[in-house]
1. Can you go through Ala103, Ala107, Ala54 and tell me which one is within 30 Å of Ser272 (Cβ to Cβ) and more than 15 Å from the ligand (Cβ to nearest atom)?
2. Taking the options Leu159, Leu76, Leu134, Leu70, name whichever one is open to solvent by less than 60 Å² (accessible area, probe 1.4 Å), out of contact with any strand residue (DSSP E or B) (no Cβ under 9 Å at 6 or more places or on another chain) and under 26 Å from Gly24 (Cβ atoms).
3. Pairs please, first residue from region 93-112 and touching a residue at least 12 places away in the same chain (Cβ under 8 Å), second anywhere and within 16 Å of the ligand (Cβ to nearest atom) and assigned to a loop (DSSP other than H, G, I, E, B), Cβ atoms under 8 Å, 6+ apart in sequence or on different chains.
4. Pairs only if they're at least six apart or on different chains, beta carbon under 8 angstrom, first in region 61-82 and touching a residue at least 40 places away in the same chain (Cβ under 8 Å) and hydrophobic (A, V, I, L, M, F, W, C), second surrounded by 11 or more Cβ atoms within 10 Å (Cβ to Cβ) and assigned to a loop (DSSP other than H, G, I, E, B); list them, first residue then second.
5. Do we have Glu122 as acidic (Asp, Glu) and under 19 Å from the mean Cα position of the chain (by Cα) here?
6. Considering only region 162-178, how many residues are part of a loop (DSSP other than H, G, I, E, B) and either open to solvent by 50 Å² or more (accessible area, probe 1.4 Å) or modelled with pLDDT under 95 (or both)?
7. Give me a count of the residues in region 307-327 that are over 11 Å from Ala266 (Cβ atoms), surrounded by 18 or more Cβ atoms within 10 Å (Cβ to Cβ) and at pLDDT below 95.
8. When you check Tyr11 against the structure, is it of a type in the set (Ser, Thr, Tyr), part of a helix (DSSP H, G or I) and farther than 30 Å from Val167 by Cβ, yes or no?
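The values are calculated or read from the model by the stated rules, or taken from the named source; none is laboratory data. Small disclaimer: the values here were computed from a predicted structure and weren't measured. A quick note on method: Cβ atoms are made from the backbone with ideal geometry, for glycine too, and the neighbour counts reach across all protein chains shown. We work out accessible area using only protein heavy atoms, side chains counted, and drop any ligands, DNA or RNA first. Shrake-Rupley method; radii C 1.70, N 1.55, O 1.52, S 1.80 Å.
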Amino acid sequence: MIIHVDMDAFYAAVEQREQPELVGLPVIVGADPRGRGVVSTCSYEARVYGVRSAMPIGEAYRRCPQGVYLPVRMELYCAVSQTVMEILDSFSPLVEPLSIDEAFVDAAGLEGLFGPPEQMAERIKAEIRARTKLTCSVGVAPNKFLAKLATELGKPDGLTVIAPERVQAVLDPLSVQRVFGVGRRTSALLESLGIHTIGQLRLARPDALTGHVSVQGLEHMQRLARGEDDRIVEAYRNPKQMSAERTFMVDIASAAEIRKHLLELAQDVGHSLRRRGFRARSVRLKLRTEDFVTSTRTRSLARATDSDRVLYRTACELFNRTPPRRRLRLVGVAAADLRTGPEEEQGTLFGPPPEEVQQATIERTVDRIRDRFGLASVRPAALLDRRPPRKRSR
Ligand SMILES: [Mg+2]
């Protein structure tokens with residue numbers, strides 16, 4: 001079984017802990033309410049007024065003028081996050097952090113130490129509460145998709161178990177929007193075809209969706225609708241590579257369209273590298289054509305990089321070298337040959353050219369925004385008509 005842990009209203013809860021007079025009040029952490037920024041996190045008391053994460057701060061202020069508006073104190077939250085991750089590390093050797101306040105914990109083989117997974121989850125919650133004075137929600141289930149879903153179902157301060165024999169009973173009545181990776185566009189499409197619940201999606205006949213969703217796309221969604229997900233928990237402390245890939249619902253012929261996906265994937269990988277302090281000495285492009293032929297192409301870099309732009313440019317060069325003649329069903333970008341540490345190998349006497357330094361500053365700023373507000377909050381103009389990237393790096 002896998003345990004998913006997610007802190008409740010994290011930044012706002014930390015602020016309420018630091019300033020006990022704020023307990024019970026609508027606390028909104030984010031940009032200056034007179035400015036044009038967004039809400040980062042808000043307390044459950046603020047959610048009653050319809051305030052949500054990523055909402056423009058001005059709108060939050062209209063809905064909840066009596067709220068307590070606080071600036072983001074990232075260093076404080078990072079310190080608390082570290083304590084939470086240490087606690088999780090003390091329970092399992094396999095902990096996979098997903099963000100500052102969220103992680104998967106593999107409970108397999110730990111029954112002798114902590115009892116059955118549900119009991120282990122209870123102990124994790126208790127330990128986090130004792131050491132941080134904060135609550136979290138925890139989901140216990142046979143795989144990642146279900147464990148994260150279980151957490152969502154129990155928020156806040158929940159402990160939700162989806163036992164293997166109850167998977168279908170829990171999933172079937174839920175909205176198709178709960179299926180991992182089904183975005184607004186796909187769910188609107190499914191609903192227009194009369195498929196509203198996960199149960200309906202699971203039982204949908206392929207011919208009912210012909211022309212709307214590829215056979216493989218439907219198979220993928222129906223696997224999740226059955227509660228199947230074979231991704232493992234990866235404690236990526238010393239990863240060989242970090243990658244992101246995407247399988248398309250509909251095979252793609254257009255090179256321009258592929259390059260847009262490469263840009264999203266490069267950003268996804270770059271963000272993972274920077275978040276974990278890695279740089280890559282080579283970039284790998286993975287392509288799978290409509291007839292299921294998979295190929296990879298690799299290029300070494302003169303200097304280790306964690307830059308979205310370098311990753312993107314290299315992936316495009318690899319792609320342009322021989323654009324495939326068939327339509328593509330999958331593309332992936334991987335950063336390989338990883339190293340850690342500061343820029344010990346600048347390569348040139350004078351360091352990187354100024355525009356690269358400037359680009360790195362921009363990317364780090366964007367990272368901070370994305371860490372706070374989610375992957376969709378900042379994106380290049382070329383991607384504005386697209387759904388946010390699905391986080392699948394490792
Ligand atoms: Mg959270």
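1. Of Ala103, Ala107, Ala54, the one residue that is within 30 Å of Ser272 (Cβ to Cβ) and more than 15 Å from the ligand (Cβ to nearest atom) is Ala107.
2. The match here is Leu76.
3. If the second residue must be within 16 Å of the ligand (Cβ to nearest atom) and assigned to a loop (DSSP other than H, G, I, E, B), the pairs left are Leu98/Lys391.
4. Cβ pairs passing all conditions: Val68/Leu25; Val68/Pro26; Val80/Leu134.
5. Taking the combined requirement at face value, the residue does not satisfy it.
6. The total comes to 1.
7. 0
8. Spelling it out, Tyr11 is indeed of a type in the set (Ser, Thr, Tyr), part of a helix (DSSP H, G or I) and farther than 30 Å from Val167 by Cβ.
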